[in-house]
Amino acid sequence: VQLQASGGGLVQDGGSLRLSCAASGATLSSYTVAWFRQAPGKEREFAASIRQSGSQRYYTDAVKGRFTVSRNNAKNTLYLQMNSLKPEDTAVYYCAAGRPILSTMRLDSGYYYWGQGTQVTVSS
């Protein structure tokens with residue numbers, strides 16, 4: 001599976017962005033998909049994920065209520081709608097696909113395939 005993330009950019013504090021992640025080479029519907037992010041000087045961290053059917057979504061506390069993860073299996077695409085952005089959301093955002101169990105949902109090791117990352121910068 002090849003994943004291509006897009007939609008990053010520069011936005012002001014309080015603004016919104018929508019990230020997309022298009023998959024090719026396989027059907028994304030058979031995988032749990034997720035967004036991770038890596039801020040400058042920090043380790044990559046889990047942001048959000050969504051199960052194959054879309055019925056279960058998971059978020060890190062820092063983005064809960066502001067970010068919404070969604071998927072369109074017909075288009076083989078994953079999305080992350082980011083609202084009320086803060087400077088601390090500045091990071092490279094990566095999409096990922098895999099079949100994690102609950103204990104690995106928020107870990108890099110739960111995912112087999114990774115996109116190249118898209119930069120999100122929030123100015124204060």
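The values are calculated or read from the model by the stated rules, or taken from the named source; none is laboratory data. This is a predicted model, so every value here is computed, not measured. Here the Cβ is made from the backbone with ideal geometry for all residues, glycine too, and neighbour counts use every protein chain on show. When the accessible area is computed, the model is the full protein with side chains, heavy atoms only, and any ligands, DNA or RNA have been set aside. Shrake-Rupley method; radii C 1.70, N 1.55, O 1.52, S 1.80 Å.
Exactly one condition in (1) farther than 13 Å from residue 120 by Cβ; (2) in a strand (DSSP E or B); (3) open to solvent by less than 50 Å² (accessible area, probe 1.4 Å) is not met by residue 4; state its number.
(3)
Looking only at the stretch 13-32, decide whether some residue is open to solvent by less than 50 Å² (accessible area, probe 1.4 Å), in contact with a Gly (Cβ under 7 Å, 6 or more places away or on another chain), small (Gly, Ala, Ser) and on the phi < 0 side of the Ramachandran plot.
Yes.
Would you point out the residue of the stretch 60-73, among those that are open to solvent by less than 50 Å² (accessible area, probe 1.4 Å) and of a type in the set (D, E, K, R), that is nearest to residue 104 (Cα to Cα)?
71
How about the stretch 65-99: which of its residues are free of Cβ contacts under 8 Å to residues at least 40 places away in the same chain and at positive phi?
Result: 65, single match.
Pick from the stretch 34-59 the residues that are in a loop (DSSP other than H, G, I, E, B) and closer than 15 Å to residue 94 by Cα: which of them is least open to solvent (accessible area, probe 1.4 Å)?
Only one residue fits best here, namely 39.
Please enumerate the residues belonging to the stretch 75-123 that are open to solvent by 30 Å² or more (accessible area, probe 1.4 Å), modelled with pLDDT of 95 or more and small (Gly, Ala, Ser).
84, 109, 123
Return the total of residues in the stretch 31-55 being modelled with pLDDT under 95 and within 15 Å of residue 110 (Cβ to Cβ).
So the count comes out to 1.
Output the residues belonging to the stretch 101-124 that are among the hydroxyl-bearing types (Ser, Thr, Tyr) and free of Cβ contacts under 8 Å to residues at least 60 places away in the same chain.
103, 104, 109
Among the residues of the stretch 45-98, write down those that are of a type in the set (Lys, Arg), under 24 Å from residue 25 (Cβ atoms) and out of contact with any strand residue (DSSP E or B) (no Cβ under 6 Å at 6 or more places or on another chain).
75
Please return the ranges of strands (runs of 3 or more DSSP E) entirely within the stretch 61-124 where 1 or more residues are of a type in the set (Lys, Arg).
Where strands (runs of 3 or more DSSP E) fall fully within the stretch 61-124 and carry at least 1 residues being of a type in the set (Lys, Arg), they are 67-72.
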